[in-house]
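Below is one structure; the comments refer to it alone.
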Amino acid sequence: MKTVNHWIGGKTVEGASGNWGPVTDPATGAVTTQVALASAEEVDSAVSAAKAAYATWGTSSLAQRTGILFRYRALLDARRDDIAALITAEHGKVHSDALGEVARGLEIVELACGITTQLKGELSTQVSNRVDVSSIRQPLGVVAGITPFNFPAMVPMWMFPLAVACGNTFVLKPSEKDPSAANLLAELAAEAGLPDGVLNVVHGDKVAVDALLVHPDVAAVSFVGSTPIARYIHTTAAANGKRVQALGGAKNHMLVLPDADLDAAADAAVSAAYGSAGERCMAISAVVAVGAIGDELVAKIRERAEKIKIGPGDDPASEMGPLITRAHRDKVAGYVTGAAAQGAEVVLDGTGYTVEGFEEGHWIGLSLLDRVSTDSDAYRDEIFGPVLVVVRTETYEEGVDLINASPFGNGTAIFTRDGGAARRFQLEIEAGMVGVNVPIPVPVGYHSFGGWKDSLFGDHHIYGNDGVHFYTRGKVVTTRWPDPSEAPAGVDLGFPRNH
């Protein structure tokens, strides 16, 4: 059986805690790998390695950092298929989805390659007689990232490339459910020339997480995951004096107005709801149909959903793979089996789906629930699976009020041909990311990613300008120098007298 160990100080370090976690192939249900689960002492070893590396990395030149990052980008590009294969083997998503994940992570590596312009300071001269004031940004020190199972390569790349480009050193605690991609990312960074200890990977569960949250040498923590855990991360790390960005869960809505192109809206709903088996925080999980279009829109969504081919992620014919674990599969299925009793019309029920030859895999088909009540479990909870709910409203205003009443505020979208309505929606909706005829409005790397309300804890979004600000702190320097003409008598500084 394959074993995944830690990466500390530029080399593989065998797990010493005696605790191991199983990693399954979601398509077969078989345990294929064991991953070391770190003790608090092993986390301390990784933090110590990062602290030692910071002594020189924190003062390294921007040219040195960007040179390494350019080489790293080239290695990631050359090995993207290998990274994607690891993701598919342990997460289950189809290869094309996995490649897309790597591509989105590469965007942030490319942003980090241009860190020289992001770290430029400001200068004001002559704020008073011979007084100049400058503002600079400096790294924090050792920073940590705690990342989720659904994007085992992309989310770590949303964090550590920018953090190390800013001069920090990094300790990554990836999900123990699909850990292999993180190790490969670290190995490639070392191959690119990243000094030992600048990037470390420790695998583990709550023991490792808690050790990072309370460690006195960790200056900041980045997190992506569910809302309850994001709230816990923020509360615990902040109580221990750390800067925190903790991105939580979502219930993303797509408002479809009567004038929308319903074919385009249906295409968008299917791809956004069921892509990556719905295991993404930016999935559209609720469609809000306004006016009389509901029946036609639901029929179009059903027609498209029934054609999606589900199968192993390494099968090129597959368009959707299995869910990450059996327990998660069963939890998702429970929302569908209980929907009718809570008033929903079950248009598609995917709970009985299996794949011939892979019967032990974590399979579930596409489910579509119509006329869902806003007080039902399927509407209120983040399901994190291929379940799309449809809610009906009579007016635009009712739809906006419904969306804004949600405790989540991650992403949302509107489908319409009316520019005025779209503009109004952008201003009135209470969410951090908005799409206009774009179902999954994940910003490009040079704009920041993050939501509002229970979808974000902390003041900074991830990557983009917010990411740079999160991984650095500002310093203002006020300077006054005497003019050379005022040098003490008898001292000649080599400057001509100007009197």
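The values are calculated or read from the model by the stated rules, or taken from the named source; none is laboratory data. Note that the structure is predicted; figures quoted are calculated from it, not measured. Note that we place each Cβ from the backbone using ideal geometry, even for glycine, and neighbour counts take in every protein chain shown. Note: accessible area is taken over every heavy atom of the protein model, side chains too, but ligands, DNA and RNA are not part of it. Shrake-Rupley method; radii C 1.70, N 1.55, O 1.52, S 1.80 Å.
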Requested in this report: Place +1 on the Cβ of every Lys and Arg and -1 on the Cβ of every Asp and Glu in segment 167-310, take the dipole about the Cα centre, and give the residue among A272, V198, G249 whose Cα lies farthest towards its positive end.
Outcome: G249
Query - At 0.692 mPa s and 37 °C, Stokes diffusion of segment 1-107 via Kirkwood alpha-carbon radius, µm² per second - result: 200 µm²/s
Report summary line: If each K or R counts +1 and each D or E counts -1, the residues other than G321 whose Cβ falls under 10 Å of its Cβ total -4
Query raised in the report: Non-local amide H neighbours of I8 (under 5 Å, H modeled in plane, Pro and chain starts lacking H): which ones?
Result: V13, V201
Requested in this report: Could you give the size of the charge dipole of the chain about its Cα centre, using +1 on the Cβ of each K and R and -1 on the Cβ of each D and E, expressed in debye and rounded to the nearest 20?
Outcome: 1580 debye
Requested in this report: Give the long-range amide H neighbours of N252: residues separated by 5 or more places, or on another chain, with amide H under 5 Å away, using H modelled in the peptide plane at 1.01 Å from N.
Outcome: S285, A286
**Report entry** Structure-based [θ]222 nm, the chain - -39500 (n - 2.57) summed over DSSP H runs of at least 4, per residue, nearest 500
**Finding:** -11000 deg cm²/dmol
Query raised in the report: How far apart, in nm, are two points set 7 Å out from the Cα along the Cα-to-Cβ line at E303 and at R130?
Result: 8.1 nm
Report task. Over all directions, average the projected area of the Cα convex hull of segment 86-161 and note it in nm². Result -> 6.8 nm²
Report summary line: The distance between the Cα centres of segment 357-376 and segment 421-492, in whole Å, is 40 Å
Report summary line: Amide H neighbours of L456 at under 5 Å, excluding residues fewer than 5 places away on the same chain, with H built from the backbone geometry, are G248
Report summary line: With the charge dipole of segment 152-232 built from beta-carbon charges (+1 for Lys and Arg, -1 for Asp and Glu) about the Cα centre, the Cα from L185, N168, P216 projecting farthest to the positive end belongs to P216
Query raised in the report: If the cut-off is 13 Å between C-alpha atoms, which aspartates and glutamates fall inside it for K251, apart from same-chain ones fewer than 8 positions away?
Result: E279, D377, D381, E382, E430, D454
Query raised in the report: To two decimal places, what compactness ratio does segment 49-97 give when its Cα radius of gyration is scaled by 2.2 N^0.38 Å?
Result: 1.65
Query raised in the report: Say R0 is 35 Å: what FRET efficiency, to the nearest 0.05, do A52 and W481 get from their beta-carbon distance?
Result: 0.45
Query raised in the report: For segment 257-362, which whole-number percentage of the solvent-accessible area (1.4 Å probe, protein heavy atoms only) is attributable to carbon and sulfur atoms?
Result: 49 percent
**Report entry** Which listed pairs, of K51/K242; K173/K475; K93/K177; K120/K242; K51/K173; K93/K206, have C-alpha distances above 18 Å, in listed order
**Finding:** K173/K475; K120/K242; K93/K206
Requested in this report: Identify, among V389, A327, L368, the residue whose Cα sits farthest towards the positive end of the charge dipole of segment 267-420, taking +1 on the Cβ of Lys and Arg and -1 on the Cβ of Asp and Glu, with the dipole about the Cα centre.
Outcome: A327
Report task. Could you run the Karplus curve 6.51 cos²θ - 1.76 cosθ + 1.60 with θ = phi - 60° over segment 356-368 and give me ³J(HN,Hα) per residue in whole Hz, x for Gly and Pro? Result -> 4, x, 9, 4, 8, x, 8, 8, 8, x, 7, 10, 10
Query - N404 paired with D205, simple spin-label distance in nm, labels 7 Å along Cα-to-beta-carbon - result: 4.4 nm
Query raised in the report: Can you work out ³J(HN,Hα) from phi for every residue in segment 379-390, in order, using Karplus 6.51 cos²θ - 1.76 cosθ + 1.60 and θ = phi - 60°, giving whole Hz and x for Gly and Pro?
Result: 7, 6, 8, 7, 6, 6, x, x, 10, 10, 9, 10
Query raised in the report: A40 label point, 7 Å along Cα→Cβ, cut-off 19 Å on backbone N: hits in segment 131-163?
Result: 144
**Report entry** Solvent exposure of the chain as accessible area per residue, Å², 1.4 Å probe
**Finding:** 40 Å²
Query raised in the report: Hey, with R₀ at 35 Å, roughly what FRET efficiency would E319 and R380 work out to, going by the Cβ-Cβ distance, to 0.05?
Result: 0.75
Query raised in the report: Can you work out ³J(HN,Hα) from phi for every residue in segment 40-51, in order, using Karplus 6.51 cos²θ - 1.76 cosθ + 1.60 and θ = phi - 60°, giving whole Hz and x for Gly and Pro?
Result: 4, 5, 5, 4, 4, 4, 5, 5, 5, 4, 5, 5
Requested in this report: Taking 7 Å along the Cα-to-C-beta vector as the label spot, tell me the A30-Q342 distance in nanometres, rounded to one decimal.
Outcome: 3.7 nm
Report task. Assign unit charges at the C-beta atoms only (+1 for Lys and Arg, -1 for Asp and Glu), then state the dipole size of segment 251-408 relative to its Cα centre in Debye, rounded to the nearest 20. Result -> 320 debye
Query raised in the report: Relative contact order for the chain using alpha-carbon pairs under 8 Å, separation at least 6, rounded to a whole percent?
Result: 18 percent
